[in-house]
Each structure stands twice: as structure tokens, then as C-alpha cells.
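The values are calculated or read from the model by the stated rules, or taken from the named source; none is laboratory data. Just so it is clear, the structure is predicted and the values come from calculations on it, not from any experiment. Note that each Cβ is placed from the backbone with ideal geometry, even for glycine, and that neighbours are counted across all protein chains shown. Heavy atoms of the whole protein, side chains included, go into the accessibility calculation; ligands, DNA and RNA do not. Shrake-Rupley method; radii C 1.70, N 1.55, O 1.52, S 1.80 Å.
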Amino acid sequence: MKSVNIGLLGLGTVGGGTAAVLQDNAAEISRRLGRDIRISAVCDAKAERAAQLCPDAAFVQDPFELVVREDVDVVVELFGGTGITKDVILKAISSGKHIVTANKKLLAEYGNEVFALAAENNVMVQFEAAVAGGIPIIKALREGLAANRIRSIAGIINGTSNFILTEMREKGSAFADVLKEAQALGYAEADPTFDIEGHDAGHKITIMSALAFGMPVDFSACYLEGISKLDSRDIKYAEELGYRIKLLGITRKTDKGIELRVHPTLIPECRLLANVNGVMNAVRVNADMVGETLYYGAGAGALPTASAVVADIIDIARLLDAPSGYRVPYLAFQPDQVQPQTLLPMDEITSSYYLRVCAADKPGTLGQIANLLAKENVSIEALIQKGVIDQSTAEIVILTHSTVEKNIKNAIAAIEALDCVDTPITMIRMESLHD
Ligand code: NDP
Ligand code: HSE
């Protein structure tokens, strides 16, 4: 059978890994697919990198030229970013080329446009590597869980942040040093702000939310809070209280609407997600028929991510000559069933909370704080005085029961207005991961 011809855009971490997987596992892949996969053309900023990694492929300087070539069946986009990359992808689709991409930013921000054009041109778009690196979570959401109504997804989906949090907790390493290490290992985005400020996790949970609930991708609706402002004291106190802090992407269907958020989160240490360390990712899905399922694996890095890219190429290759009715819909649901849904503003979400308050160490302080929480209907689960910072200031940690976010925010504002309290109060959301 004729080989499937790939046009490869980008030979960085993931592109280089993809070339290596296609070469090293060529025989095994052909055994599965029944035909060969060949990189026929490649484009990268550095011609010498292309000559070294893909010596048999034509080097094409201009990506717009590559995507219209006769000898390219599938364009594998591993440039990243949305500027010129978006135009190149749209041109490829308009030229009838099938697409494999690891680009979560592109899909979370422009996915609706990409999928609409792909439908018009009858081309497939696969994006397994865009979420949680090597973990086949897109396939699980689109196919494995197709019999279910999905209730919620919670995931550690940024390897860089998880690597940083793990090194800070286990070795007491400094934030900046660990970030540099993550960059050297190829985990971080070209701009690592995307990792540490929650954007990358936001892109991924936005894509999963669309797949889970059958709605258009809408990254602008995702609440983002990263790990850059986390204080190592909170990591330590959380641990003393039996919790770990993880950057979680969360989406949940509630009676009032859909929650879509990324933020540092306290998780009880007995939960599996709390024990996912280093660059590993894990995604927990709760669905009505199957209950809880958990997907774990390497969330970043050359070969794990390339594993997902090549699996997508294989999926496309299997369907190249099949009628389009055999394809899994881009966003898991039939296109006319992908409908906008109400997204819940953060003030309306329900969570429990960790608060760290620095306040005057004198009689009555705790009483005032407890009263202001009660006034907003916030119930205290635990309250611990961690110690005295200087002679007159005490550090108090409070864990609350579940409440609506606007209540805790009102309570915090009222507590911060007290003369005896230093500002700002630290607030971190908590998840029991029972639903
Ligand atoms: P890299 O920066 O390592 O690789 C991108 C490559 O593409 C570089 O060689 C770059 O050249 C080249 N390139 C980018 N734009 C152009 C252009 N317009 N013309 C020519 N060459 C270009 O990125 P990654 O491999 O890490 O990431 C690629 C994609 O995969 C991104 O979308 C990323 O989010 C995603 N991803 C990455 C993972 C990882 O572990 N790294 C995991 C999962 C997804 P140069 O550097 O010289 O500019
Ligand atoms: N920068 C991303 C991460 C790469 O650290 O998870 C994988 O998407």
C-alpha cells in the first residue's frame, strides 16, 4: 500500500521527537497501520536541523509552500503559537490537507474557526498531543466515554508547574531555578509565562470542557490563576494539614452552569491526584455511568508528546480513504449539537477555602475574624494559629467548609478592613475531588 506522506512544520522538542518516533518505531507502526508513514517535506527555522533529523525529506523554507505540496497528505504542525502558524494551518485546511497539531493555544483560542473551515473542506483535525502530552485523554473523552454524560474533569495538566511545585515541596528549591531546569528539559512553552500563570492549563481545560459538554471552545471564559505568587509557607502549611497544593484545571457541569477554571488547589494527600509529581500529568473524569476514571502519564517532553502526535497520524491514515461518516466529530458531538452553554462566573462557583491571615496577636482578634466569616455564611472547618511572626503578629490558617465564592470574597474584604489584620489575606481554593 502507498505510504502516507507527512509535511512536518517544526523540528523543536516535539517535532524532533516525532521524527525520532517515526524513524525508531517505523516497523512497529507499519505492522499496525499496514502502510508506511514517510516525512516527505519539512520546514523549520534552521535548515541544518532539518538536514540532520530528516535527511530524506525535502526542506521547504516557506511553510505556506509546504502545506500545498502534492506530496503532503497530512500537515503535522509543531511550530506552536498563533500568529503565522494560524494562517499556515488555515491555508493547509483550505488546500485539503488533514491536520495533526499539538497546539493547544491555537485550538483553545481559534478552534471554532479551525473546525468550521475543516468541516467545509472535509479534512480531519487531530490534536491528542495538545492536552496532557502523551496521555490519550482526547481519545478517552471523544470515544471511550461516549456513552456517558460527563459531570466533571479535574486535571494536573501543566507539566512545568507540577515539576516546579514538586521540586519546591520535596527539595525546597527556589522557583526560578526549577523553572530554568524545566526549560532546559524542553517542558516549558516558548514563553514560560504561559506555564506558570496558568494559560497553558487554561488552554487544555478549555479544550476538554468543550469535548466533555459539547460546546464551542471559549478560552476567554476560563478563569486563570497560576503558581507564580504561591508562597512556600502555604505549601508547607498545606502539607502539615494533610494536603498538597497542585495547579488544577477544573471544569464541572452544575445546575447553574459550567465551571471552567485554573488555579492552585489544596487536595487531600490521600487522593491519587495529590501524588502526581514531577512533569507527570493526570486527569480525573467523573461521568454518570462509569463513575470516576483517572488517566496518568508524561504531560510533556519530546518522546511522550510525539507518541500522541504519531498516534494521531495513524488515526488519520486509517481513515484517509474512508467516507467522512466514519470520522469521530472534532469536538466529540455532532457539529449541530455543539451548542454554547452558560459559563458560571467565578463569584458563583462553590468551593472550600484555605485562608492565611496575619493579624495582631491580642485578645479578640480571632473572634472578630470568625464573626465576619459567619456573617457571610462561611462555616469554619479548622482554625490553627501557626505561630507568632514577630512579637505582635500571629499567623492564622483557616480551612472553611464549602461555600459560594462571593461569600468568601466578601468575608475576606471585611476581614482585611480590620485594623488588626495585615493585607492581603492569602486565599487558596480546596477540592475534595468527590464529585
Ligand atoms: P519548540 O520551540 O521546541 O519547537 C518549535 C520549532 O518550530 C522550533 O524549531 C522553531 O524554530 C520552529 N518554528 C516555529 N515557528 C516557525 C516558523 N514560522 N518558521 C519556521 N520554523 C518555525 O516547541 P515545542 O516542540 O516544545 O512545541 C511545539 C508545539 O507543541 C507547541 O504548540 C507546544 O505548545 C506543543 N506542545 C509541547 C510540548 C512539550 O513538551 N514541549 C508538549 C505538548 C504540546 P526556532 O526555535 O529556531 O524558532
Ligand atoms: N508546557 C507544557 C507543560 C507542555 O509544561 O505541560 C505540554 O503541553
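Residue by residue, here is whether (1) of a type in the set (D, E, K, R); (2) part of a helix (DSSP H, G or I); (3) within 10 Å of ligand 1 (Cβ to nearest atom) holds:
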| residue | (1), (2), (3) |
| --- | --- |
| Arg38 | yes, no, no |
| Arg49 | yes, yes, yes |
| Asp71 | yes, no, no |
| Val76 | no, no, no |
| Ile89 | no, yes, no |
Failed criterion for Ala190 (all others in (1) more than 16 Å from ligand 2 (Cβ to nearest atom); (2) out of contact with any helix residue (DSSP H, G or I) (no Cβ under 9 Å at 6 or more places or on another chain); (3) over 25 Å from Glu259 (Cβ atoms); (4) in contact (Cβ under 8 Å) with a residue 40 or more places away in the chain hold): (1)
Kindly indicate which of Phe59, Phe127 is of a type in the set (A, V, I, L, M, F, W, C), within 16 Å of ligand 2 (Cβ to nearest atom) and at pLDDT 95 or above. Phe127
Assuming Glu120 fulfils every condition listed in (1) open to solvent by 20 Å² or more (accessible area, probe 1.4 Å); (2) closer than 27 Å to Ile250 by Cβ apart from one, which condition is it? (2)
So, in region 269-302, exactly how many residues are over 18 Å from the mean Cα position of the chain (by Cα) and crowded, with 17+ Cβ neighbours inside 10 Å? 2
Among Ala359, Ala282, the single one that is assigned to a strand (DSSP E or B), among the small types (Gly, Ala, Ser) and within 28 Å of Ala221 (Cα to Cα) is Ala282
Residue count for region 152-198, restricted to those that are open to solvent by 10 Å² or more (accessible area, probe 1.4 Å), within 16 Å of ligand 1 (Cβ to nearest atom), of a type outside the set (Gly, Ala, Ser) and assigned to a helix (DSSP H, G or I): 8
Let me confirm something: among Thr206, Thr305, Thr251, which residue is touching a Leu at 6+ places or on another chain (Cβ under 8 Å), surrounded by 23 or more Cβ atoms within 10 Å (Cβ to Cβ) and within 25 Å of Gly186 (Cα to Cα)? Thr206
Would you pick out the residues in region 92-109 that are away from ligand 1 (no atom under 13 Å from the Cβ) and open to solvent by 30 Å² or more (accessible area, probe 1.4 Å)? Ser94, Ser95, Gly96
In region 123-151, how many are open to solvent by 70 Å² or more (accessible area, probe 1.4 Å) and either without any contact (Cβ under 8 Å) to a residue 12 or more places away in the chain or of a type in the set (Lys, Arg) (or both)? 3
Checking the condition open to solvent by 70 Å² or more (accessible area, probe 1.4 Å) and of a type outside the set (Lys, Arg), which residue from Thr365, Thr423, Thr393 passes? Thr423
Does Ser352 satisfy the criteria of being more than 30 Å from Ile150 (Cα to Cα) and of a type in the set (Ser, Thr, Tyr)? no
